[in-house]
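A quick write-up on the structure given underneath.
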Amino acid sequence: MTLTLDAPRIFQTKPLLSVDNVSKSYGAVHALRDVSAIAYPGEVLGIVGESGSGKSTLLRMMNLEEIPDKGRYTLDLPDVSGNLFDLDRFARRMLCATRIGIVYQNPHLGLLMKHSSSGNVAERLLVAGERSFATLRAKATTALEASEFPLERLDAPPIELSGGMQQRVQLAKAIALEPALLLLDEPTTGLDVSVQALVLDTLKRLQQDRQITMVIVSHDLGVIRTLADRVMVMRRGEVVEAGLADQIFQDPQHAYTQQLVHAKL
Amino acid sequence: MTLKTLTKPWEAMSYGFLDGSAKREMRRKMLKSVAVPGCQMPYASREVPMARGWGTGGLQVSLTLVNPETRVKVIDQGADDSVNAASIRRFIARVAGTPTTMDTLKADLIQSRHRIPEEVLSEDQILVLQVPNPEPLRPVQPNMSIARQMHADADYGRMWLQLYEQIVRSGRVMQGASYPSLVNGRHVMTPSPIPRWDVPKLHMAKHLTILSAGREKRIYAVPPFTRVEPLVFSDVPYKVEDHAKLTCHRSGATGFFMNEIPQDDGSSTHEVSDSEWGVKAIRVRDGEKVALGETWYKDGEMPQ
């Protein structure tokens, strides 16, 4: 009797997201230098680093808001192929609207502050071509419910809401079309600790329920530790260390990572 | 041959007030706007002896299109006899020597603000609408550079967001005038401040409609037999104003767009907004022989 062993799952599945050798400079400043990143389906990739380390730039590129000087970006999805940085404006907008959700640190970037909260979520669906009022209303309500937004404030404009609530509206907007990839740019920075915990709770539950692939950028190691499966540590536009979350936090190899972990503890 | 025979005698102003180059530019921009229905074309918008915002855009189009045989009708808020309408009509007649009329059927060129006449316009008529704000995207995108890019991409999702907000806040679409409409399946335009009642009149109409905004320097057109579809949700149908059952207290006409006239006791009466249609109805009632045109709305309903 021969025993056949399957290769570990991680070798069998193709990464959903892969960014290869991306470089970007603003004049003399190198924001990113040959950065590569991958994320497997259903996985949470955490990116840590100090301010100016290029982590937000990388996230903006994953949302196709910015195009690098060189590099490749692919998403392993049906009917998405080739280097996404080469897409035209039109295709890029459609891809961002339907396949990628993003939550910004500053809700003013992601929301129309004076429109209703449900309208903000509905906008996403409208861009994707939904034209039935009843469907819009139902889908917006479902998305807001999933992000644990109090439904009695469904039609309140975000400007009247608290910071935590605004992040929930952003989150609902990001997941309204059930995207394959959810990008989170410091989603809890600026919230007080108890609200931060609630928002993280929601994110964790969403991740478990929907098996959504997430990339989360934060300078807060606590946030990364709570959510991420794998971690990338960035500094001055370069990746200094990458690996499983436990590995990075328990046994940091690079001097900078050690410093970072110790500063936290 | 002397120089005098070759040159024109001195005149106080050119025919139709605007000089030749101004008219040539207007003509070119009008042709362009007819070629791309609903697309806003920028133009220079010359000075006319009237303040910007009082119909200078429409007036420049009218002055360019008239010749001494063009019969001109001018409407303001549905009425031919309001001050603004009367002054514009008199001005065009004075500088271009055109005959004027109040009868929709006899007019060749109709310049209007707020209304499209109740009688159906024919192939040989031109409707010129004065537009205060030509940009339908302005309420949802204050940055005009981005708005132009949205037009180029036909990225109109946010227009529905505006309607969504109105339904959420008030239970129905509140957009009373300038109802955003998709022209020829491509460009969204604001059809000047005409009421919702008048928008279906533009759909597959036989006449040419030119919309011109003098202050904003934009011109766009709805050529004859062009689709004009008001933006709606698939499950919330387009509704015109609830005027089908109202009766004009002066002419007794029913089933047309009405002006509400508040009374001392708090109630209100109504009169037909299209004043010439009201006048005709009164003359018919008094037994006069009047040529009545076919109307867009029949018994308060627009036939499909």
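The values are calculated or read from the model by the stated rules, or taken from the named source; none is laboratory data. All values reported here derive from a predicted model rather than from experimental measurement. All Cβ positions, even for glycine, are placed from backbone atoms using ideal geometry, and neighbour counts span all protein chains on display.
Results, tabulated for the structure shown:
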item: Failed item in (1) surrounded by 22 or more Cβ atoms within 10 Å (Cβ to Cβ); (2) more than 14 Å from chain A (Cβ to nearest Cβ); (3) acidic (D, E); (4) more than 30 Å from B:R28 (Cβ to Cβ), with B:E165 passing the rest; result: (2)
item: Count - residues of segment B:122-163 that are free of Cβ contacts under 8 Å to residues at least 60 places away in the same chain, out of contact with any Pro (no Cβ under 8 Å at 6 or more places or on another chain) and closer than 18 Å to A:A122 by Cα; result: 8
item: Options A:I38, A:I47: the member that is β-branched (V, I, T) and touching a residue at least 60 places away in the same chain (Cβ under 8 Å); result: A:I47
item: Qualifying helices (runs of 4 or more DSSP H) (wholly inside segment B:1-70; at least 2 residues being without any contact (Cβ under 8 Å) to a residue 60 or more places away in the chain and in the same structural domain as B:P132 (by TED's automatic domain parsing)); result: B:20-35, B:56-65
item: Residue match in segment A:146-156 (condition: under 30 Å from A:F90 (Cα atoms) and at pLDDT 90 or above); result: no
item: Of residues in segment A:220-249 being within 14 Å of the chain's Cα centre (by Cα) and outside any strand (DSSP E or B), the one surrounded by the fewest Cβ atoms within 10 Å (Cβ to Cβ); result: A:D229
item: Single residue of segment B:127-158 satisfying the filter (crowded, with 20+ Cβ neighbours inside 10 Å and within 14 Å of the chain's Cα centre (by Cα)) that is nearest to the other protein chains (Cβ to nearest Cβ); result: B:P134
item: From A:N63, A:N83, residue being polar (S, T, N, Q), touching a Phe, Trp or Tyr at 6+ places or on another chain (Cβ under 9 Å) and at negative phi; result: A:N83
item: Matching entry among A:A255, A:A228, A:A156, A:A180 (being among the small types (G, A, S) and within 14 Å of another protein chain (Cβ to nearest Cβ)); result: A:A156
item: Scope segment A:1-28; condition in contact (Cβ under 8 Å) with a residue 12 or more places away in the chain, in a strand (DSSP E or B) and surrounded by fewer than 16 Cβ atoms within 10 Å (Cβ to Cβ); matching residues; result: A:D20, A:N21, A:S23, A:S25
item: Long-range neighbours under 9 Å by Cβ, at least six apart or interchain, first residue in contact (Cβ under 8 Å) with a residue 24 or more places away in the chain and under 14 Å from B:W296 (Cα atoms) within segment B:188-200, second surrounded by 21 or more Cβ atoms within 10 Å (Cβ to Cβ) and polar (S, T, N, Q); result: B:W197/B:S273; B:V199/B:S181
item: Test set (1) more than 14 Å from chain A (Cβ to nearest Cβ); (2) over 24 Å from the mean Cα position of the chain (by Cα); (3) surrounded by 13 or more Cβ atoms within 10 Å (Cβ to Cβ) - B:G266 fails condition number; result: (3)
item: Hey, B:K206 in contact with a Ser or Thr (Cβ under 7 Å, 6 or more places away or on another chain), part of a loop (DSSP other than H, G, I, E, B) and touching a residue at least 60 places away in the same chain (Cβ under 8 Å) or not; result: yes
item: Residues within segment A:177-219 that are assigned to a loop (DSSP other than H, G, I, E, B) and in contact (Cβ under 8 Å) with a residue 60 or more places away in the chain, tallied; result: 10
item: Residues of segment B:240-295 satisfying the condition of being out of contact with any helix residue (DSSP H, G or I) (no Cβ under 7 Å at 6 or more places or on another chain), of a type in the set (D, E, K, R) and in a loop (DSSP other than H, G, I, E, B); result: B:D242, B:K245, B:D264, B:D265, B:D274, B:D286, B:E288, B:K289, B:E294
item: The one condition in (1) more than 29 Å from B:F225 (Cβ to Cβ); (2) in contact with a Ser or Thr (Cβ under 7 Å, 6 or more places away or on another chain); (3) away from chain A (no Cβ under 14 Å) that B:P117 fails to fulfil; result: (1)
item: Of all residues making up segment B:168-189, the number that are among the charged types (D, E, K, R) and within 14 Å of chain A (Cβ to nearest Cβ); result: 2
item: Qualifying residue in segment A:215-233 (condition: acidic (D, E), more than 29 Å from A:G52 (Cβ to Cβ) and modelled with pLDDT of 85 or more); result: no
item: Unique residue being under 20 Å from the mean Cα position of the chain (by Cα) and either of a type outside the set (A, V, I, L, M) or more than 14 Å from chain B (Cβ to nearest Cβ) (or both) when the list is A:F133, A:F85; result: A:F85
item: Failed criterion for A:Q259 (all others in (1) among the polar types (S, T, N, Q); (2) surrounded by fewer than 14 Cβ atoms within 10 Å (Cβ to Cβ); (3) in contact (Cβ under 8 Å) with a residue 12 or more places away in the chain hold); result: (3)
item: Tally, over segment A:67-114, of residues that are of a type in the set (V, I, T) and under 29 Å from A:I159 (Cβ atoms); result: 4
item: Residue within segment B:229-251 that is closer than 19 Å to B:A79 by Cα and either modelled with pLDDT of 95 or more or of a type in the set (V, I, T) (or both) present; result: yes
item: Boolean, A:I159 is more than 22 Å from A:H219 (Cβ to Cβ), surrounded by fewer than 23 Cβ atoms within 10 Å (Cβ to Cβ) and in contact with a Ser or Thr (Cβ under 8 Å, 6 or more places away or on another chain); result: no
item: Some residue of segment A:29-36 being assigned to a strand (DSSP E or B) and either aromatic (F, W, Y) or within 22 Å of A:L206 (Cβ to Cβ) (or both); result: no
